[in-house]
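Student: Sharing a structure here in structure tokens format.
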Amino acid sequence: MSFFSPHDSPLGKPTARRDTYAPELLFPMARQGKRDEIGVRGDALPFVGEDIWNAYELSWLDARGKPVVALARFRVPASSPGLIESKSLKLYLNAFNQQRMPDAETVRATIARDLSAAVGATVGVEVMPLAGYPQRRFAYPDGVCLDSLDIDIEHYRLCPDYLRADGAAVSETLYSHLLKSNCLVTGQPDWGMLAVRYTGPAIDRVGLLRYIVSFRQHNEFHEQCVERAFCDILARCQPTELTVWARYTRRGGLDINPLRATPGSTAQPWDGDEIRQ
């Protein structure tokens, strides 16, 4: 299996429009290069999880040429050796626009086959035509939002030193809407909510908020930011159970929502959509 590097990405480059099925547009990249930076071995991952993609601009033609529009959701396992660069996924999905397909199940199976081949693992795919009235659940995590903390912040470069925990063990969920990171290739901003659910010594809330804000000038893909946050919190706060997830706002008709958790974690992650999505 071969992967591309970020420098080969179609991001920021003129791309000819395709509107019939073109699986060659997918641009997979290896996860391991960025995992090496945080000391994560591919054969001994400290987490389980998945990347949940929501697609809002999927369309194709039915057998008689009438357009169908749909929402879609893709679940890429964190154990996959590859991930998909987002612009290439948008181009791939748009290539269905003038493609005749017999039914939604054929579209679903086609996308599942192509994404699974690209990342090297089984990708779960749902396709939900709007004619079926699919619903989305917007909610807030059942936890404590850190954003009202009355603190001064002066530094916006990634700083794990802000993280610390001590005292009696607790089980709680802490979250913030102040997450902002930047695309590794283009430097364009990525906005999101980061949530941390854990059991262990109480995490200092001011330090956690400062840490989340310290991603503000950091360049990394969504999946890599969440893995970095998971590893930093696990190393510096020593929880016995930890789940870290992000809900990023959409760009190009897609949003990406990575989740990482300690293996065997009993906590069920919040499964709602962030209000800005």
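Taken together, the values in this text are just the output of simple stated rules run on the coordinates, not laboratory data. Predicted model only: the values in this text are computed from it and were never measured. Reconstructed Cβ throughout: ideal geometry from the backbone, glycine too, with neighbour counts over all protein chains shown.
Student: What would the Debye equation give as log₁₀ I(q)/I(0) for the chain at q = 0.16 Å⁻¹, counting only Cα atoms as equal point scatterers?
Tutor: Summing over Cα pairs of the chain leads to -1.26.
Student: Show me 134-140, 73-79 ranked by packing, highest mean number of other Cβ atoms within 10 Å first.
Tutor: 73-79, 134-140
Student: Determine the gain in length on full extension of the stretch SER171-GLN99; use 0.36 nm per residue of separation and subtract their C-alpha separation, reporting nm with one decimal.
Tutor: Residue separation times 0.36 nm, minus the Cα-Cα distance, leaves 20.9 nm.
Student: Let me ask something additional. Residues of segment 214-242 with the amide nitrogen closer than 14 Å to a label point 7 Å from the Cα of ASP36, along Cα-to-Cβ, please.
Tutor: Answer for this model: none.
Student: Sorted from largest to smallest, which semi-axis lengths in Å does the alpha carbon gyration tensor of segment 67-172 give for its equivalent ellipsoid, taking the root of 5 times each eigenvalue?
Tutor: In descending order, the three semi-axes are 39, 19, 15 Å.
Student: Treating the angle as unsigned and between 0 and 90°, give the value, to the nearest 10°, between the Cα long axis of helix 222-237 and the longest Cα principal axis of the chain.
Tutor: Roughly 20 degrees, rounded to the nearest 10.
Student: Specify the residue with the greatest mean-square fluctuation among ASP150, ASP161, ASP190, computed from a Gaussian network of the chain linking alpha-carbon atoms under 10 Å apart.
Tutor: Judging by the Gaussian network model, the answer is ASP150.
Student: Under a GNM of the chain (C-alpha, springs under 10 Å), which listed residue has the highest mean-square fluctuation: ARG64, ARG108, ARG216?
Tutor: Taking springs between Cα atoms under 10 Å, the residue moving most is ARG64.
Student: Still on this model: Calculate, for ILE275 and SER79, the FRET efficiency according to 1/(1 + (r/R0)^6) with r their C-beta to C-beta distance and R0 35 Å; round to the nearest 0.05. The partial results should precede the final answer.
Tutor: Working: r = 30 Å, r/R0 = 0.87.
Using R0 = 35 Å, I get an efficiency of 0.70.
Student: Name the residue farthest towards the positive end of the dipole of segment 16-97 from the options LEU83, PRO28, SER59, assuming +1 on Cβ of Lys and Arg, -1 on Cβ of Asp and Glu, about the Cα centre.
Tutor: SER59
Student: Let me ask something additional. Just to confirm a number: summing +1 for Lys and Arg and -1 for Asp and Glu over residues other than VAL107 whose beta-carbon lies under 12 angstrom from that of VAL107, what do you get?
Tutor: -2
Student: Taking the DSSP beta bridges in the chain as the whole, what percent of them are antiparallel, to the nearest 5?
Tutor: If we restrict to bridges inside the chain, about 90 percent are antiparallel.
Student: May I ask for the percentage of alpha-carbon pairs in segment 6-132 that lie more than 20 Å from each other?
Tutor: 46
Student: Could you pull out which residues in segment 201-241 have an amide N less than 15 Å from a spot 7 Å beyond the Cα of THR186, following the Cα-Cβ vector?
Tutor: What the label zone holds, given the 15 Å backbone N cut-off, is 220-222.
Student: Which value, in debye to the nearest 20, gives the size of the charge dipole of the chain about its Cα centre, when Lys and Arg are +1 and Asp and Glu are -1 at the Cβ?
Tutor: 740
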